[in-house]
Amino acid sequence: MNATSFRTEHLSVFYGQYEAVKNISLDFPEKTVTALIGPSGCGKSTFLRSLNRMNDEISQAKIKGRIWIDGVDINDPDTDVIQLRQKIGMVWQKPNPFYKSIYENIAFGPKYHGIKDKKQLDEIVETSLRKAALWDEVKDRLKQSGLSLSGGQQQRLCIARALSVKPRILLLDEPASALDPVSTAKVEELITELKKELSIVIVTHNMQQAARISDYTAYFYLGSLMEHDKTEKIFTNPEQPMTQEYISGRFG
């Protein structure tokens, strides 16, 4: 097993009195893809958002337990949340490019973190777009709006934007659910390539996708972690009958 990149320890997330995520301890090994699966409303996205403190934006949300990275609990009051989100990037279900040029979408993060040199920014933009398998498609239109791209290209632009600040971990919340099959395949190829450099956690409702691209799979149900193992085992010989019923499509 790869070294653990980060982990949760007895993590619970509450919205007011409602416990959406219940006492979850989970390791995420370095340079692997972990898929979070389970029926709608089972706590997958809430759990994912907690991993870079996006739940801080929800006034009713309250966290118990710990999330460790490099031996530090990210919910410690001294944590710099901006630096944390530089280290742990996130891409949402629907593409959300900024109302800026393709170039400025990518350069925004590095500029925010203090990089002003034009040559350095040019290199970051090209490198990020290459990593997102988008450079060849947009290199002659960098001044055009990010919104001029197709849905699949916009999602890869958002991935490139997340990569521009060199994260160690990338969180993906159903990144291909709004895309056509061709764009979905490109995003999946991209995820497989990116895991050579960073850890990826992906929420997906697509069982075939989870089987294709992930190394580990965690099955959630009603806010609880029911089963977590290597993806091959989860999909061929799960421990829990409920896991088998879900992945075979009998419910959910």
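No value in this document is a laboratory result; all are computed from the given coordinates. Keep in mind the model is a prediction, meaning the values are calculated, not measured. When we count neighbours, we look across all protein chains shown, and the Cβ atoms used for this are built from the backbone with ideal geometry, even at glycine.
Note that the stretch 30-161, at 25 °C in a medium of 0.890 mPa s, gets a Stokes-Einstein diffusion coefficient of 147 µm²/s from its Kirkwood radius over C-alpha pairs. A Förster radius of 51 Å, combined with the Cβ-Cβ distance separating GLU197 from ARG250, puts the computed FRET efficiency at roughly 0.85. To the nearest ten degrees, helix 151-163 and the longest principal axis of the Cα atoms of the chain are 90 degrees apart.
Excluding LYS100 itself, calculate the net charge of residues whose Cβ lies under 14 Å from the Cβ of LYS100, where each Lys or Arg counts +1 and each Asp or Glu counts -1. The partial results should precede the final answer.
Values: positive: LYS111, ARG141, LYS143, ARG161; negative: GLU104.
The answer is +3.
What does the extension gain come out to for LYS116 and GLN83, with contour length at 0.36 nm per residue minus their alpha carbon separation?
Details: separation 33, 0.36 × 33 = 11.88 nm, distance 1.81 nm.
Working it through step by step, the gained length comes to 10.1 nm.
Over the stretch 30-142, what is the relative contact order in whole percent, taking alpha-carbon pairs under 8 Å and six or more residues apart? Computed over the stretch 30-142, the figure is 15 percent.
Packing, as the average of other Cβ atoms within 10 Å across residues, places the peptides 23-36, 173-186 in the order 23-36, 173-186, highest first.
What is the order of GLU57, GLU193, GLU188, fewest Cβ neighbours within 10 Å to most?
On the way: GLU57 8, GLU193 12, GLU188 19.
Sorted ascending by nearby Cβ count, the order is GLU57, GLU193, GLU188.
Placing dummy labels 7 Å off each Cα toward the beta-carbon, the span from ARG130 to GLN17 is 5.7 nm.
Computed over the chain, the per-residue total of -39500 (n - 2.57) for DSSP H runs of n ≥ 4 gives a 222 nm mean residue ellipticity of -10000 deg cm²/dmol, rounded to 500.
Maximal additional length on extending the ASP140-SER177 stretch stands at 10.5 nm, based on 0.36 nm per residue less the C-alpha distance. So what's the angle, to the nearest 10 degrees on a 0 to 90 scale, between helix 118-131 and the longest Cα principal axis of the chain? The helix 118-131 is inclined about 40 degrees to the chain.
Under the √(5λ) rule applied to the eigenvalues of the Cα gyration tensor, what semi-axes describe the equivalent ellipsoid of the stretch 1-83? Give them in Å, descending. If you can, show how the numbers build up before the last one.
Working: eigenvalues 82, 59, 23 Å².
Gyration-tensor ellipsoid for the stretch 1-83: 20, 17, 11 Å.
Size descriptor for the stretch 132-252, Kirkwood hydrodynamic radius: 15.9 Å (Cα pairs only, one decimal). Over the Cα atoms of the stretch 117-180, each weighted equally, I'd like the Debye log10 I(q)/I(0) at q = 0.20, 0.24, 0.26, 0.27 Å⁻¹, rounded to two decimals. Relative scattering, expressed as log10 I(q)/I(0), comes to -0.82, -1.11, -1.24, -1.29.
Relative to 2.2 N^0.38 Å, what does the C-alpha radius of gyration of the chain come to as a ratio? Two decimals please.
Working: Rg = 18.2 Å, N = 252, 2.2 N^0.38 = 18.0 Å.
The chain yields a ratio of 1.01.
Taking the C-alpha atoms only, the angle from helix 181-194 to the longest principal axis of the chain is near 90 degrees.
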